[in-house]
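For reference, the structure is listed below as structure tokens.
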Amino acid sequence: MALRVGMLSVAHMHSYGYAAGLKHHPGAELAGMWHDNLEERTKFAQQFETPVYETIDDLLANVDAVLICSVNRRHVQHIEAAFAAVKPVLCEKPIVGAEDEAAYLSENLLGKGWLMTAFPCRYSPAFGRLKERVGELGAIRAICATNRGRCPGGWFIDPEKSGGGAMIDHVVHVTDLLRTMLGEEVVRVQAQTGHNRYGQAWDDTAMLTLEFASGVFATLDSSWSRPDHYKTWGDVTMNVVGEQGVVEMDMFGQTVDVWASAAPSHRLAGYGSDLDALLVDDFVTAVVEGREPPITGFDGLQASRVALAGYRSAAERRVVAI
């Protein structure tokens, strides 16, 4: 019998990729959705031919597991509702968008239910190969990383819903990859943010230095610096410097050039692995087999803590310990 998965909100753009992964999964079905915006939920329900539930409780009563893609500042509320209904959860990142939410998740929810964080970049073949080759470099000395993209607009630029701007949106992905690759935690953060691209109250530019327990440090550009008609949506790159050499990764480098008469006149069409589908498959398999979450709620919390520490660092103009 297929695992019935419900979408608890589809506010995040990644919800479409996850829903497509569910629709094509042999062991799961997209069993319904709840979303609080009529126009958005109608569009989503029609595209994926899935039932719409009027309340969260109704959705939870009719599914085996849930995928939470709400605005960042509602993640904790929705995780708590799913836990009360004893449903396994896959939650979009960042898992929290504020310090008080991080404390509440840590003290009241972690360990009280099955919780996985949506970090699809872990499933990148390029990242897998990077982890394999890093051992050839000897002791790691420093890492230069990026996660630069276009500004998504909408609720992403409303801090009351998102928790910030570019930094809260993009830092968590690369932080999770760094934690996974190095096997240690970030202990200090120094960050600067700016409003250099759009000139609004929210940060569109974010530069961080992350120091790990061993003394390894990484720099991270997590800015919304790409123009509207840039050739790609964004990037995830790493330059890992070790005693014996350097390894460079371009996670979305599997592309072909496409030229057109209309804007964007030049774009890169990606090919290769569908990271959203791989994430969904691992979620479904782990739930069905009764395994622990492959990417835990704690992983999501630790990555979010780095972004939140970045905001404190930028505001206080100092290095912040985590």
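In the stretch 132-143, of all residues being farther than 18 Å from Leu210 by Cβ and not small (Gly, Ala, Ser), the one that is surrounded by the most Cβ atoms within 10 Å (Cβ to Cβ) corresponds to Leu137.
Only one entry in Thr193, Thr180 is in the same structural domain as Val240 (by TED's automatic domain parsing) and part of a helix (DSSP H, G or I), namely Thr180. Filtering the stretch 74-96 to residues that are surrounded by 20 or more Cβ atoms within 10 Å (Cβ to Cβ) and of a type in the set (Val, Ile, Thr) leaves Val76, Ile79, Val89, Ile95, Val96. The residues on offer are Thr205, Thr180, and the sole one that is among the polar types (S, T, N, Q) and either touching a residue at least 40 places away in the same chain (Cβ under 8 Å) or out of contact with any strand residue (DSSP E or B) (no Cβ under 6 Å at 6 or more places or on another chain) (or both) is Thr180.
Just one of the listed residues (Gly165, Gly153, Gly138) is touching a strand residue (DSSP E or B) at 6+ places or on another chain (Cβ under 8 Å) and either over 23 Å from Arg312 (Cβ atoms) or not assigned by TED's automatic domain parsing to the domain that holds Met238 (or both), and it is Gly138. Selection within the stretch 285-312: residues that are crowded, with 21+ Cβ neighbours inside 10 Å and small (Gly, Ala, Ser). The member of this set that is farthest from Phe83 (Cα to Cα) is Gly310. Of everything listed in (1) surrounded by fewer than 16 Cβ atoms within 10 Å (Cβ to Cβ); (2) assigned by TED's automatic domain parsing to the domain that holds Trp202, the single unmet condition for Glu99 is (2). If a residue has to be within 27 Å of Asp176 (Cβ to Cβ), of a type in the set (D, E, K, R), assigned to a strand (DSSP E or B) and touching a residue at least 24 places away in the same chain (Cβ under 8 Å) to count, how many in the stretch 217-268 make the cut? Total satisfying the criteria: 2.
Against the list (1) modelled with pLDDT under 95; (2) under 23 Å from Gly165 (Cβ atoms); (3) not acidic (Asp, Glu), the condition Val76 fails is (1). All of (1) farther than 19 Å from Gly163 by Cα; (2) in a loop (DSSP other than H, G, I, E, B); (3) hydrophobic (A, V, I, L, M, F, W, C) hold for Leu90 with one exception: (2). The stretch 1-71 holds helices (runs of 4 or more DSSP H) entirely within its bounds, and those carrying 1 or more residues that are in contact (Cβ under 8 Å) with a residue 60 or more places away in the chain map to 14-23.
The values are calculated or read from the model by the stated rules, or taken from the named source; none is laboratory data. Please read these numbers as outputs of a predicted model, since none were measured by experiment. Neighbour counts are summed over all protein chains in view; Cβ atoms, including those assigned to glycine, are modelled from backbone coordinates with ideal geometry.
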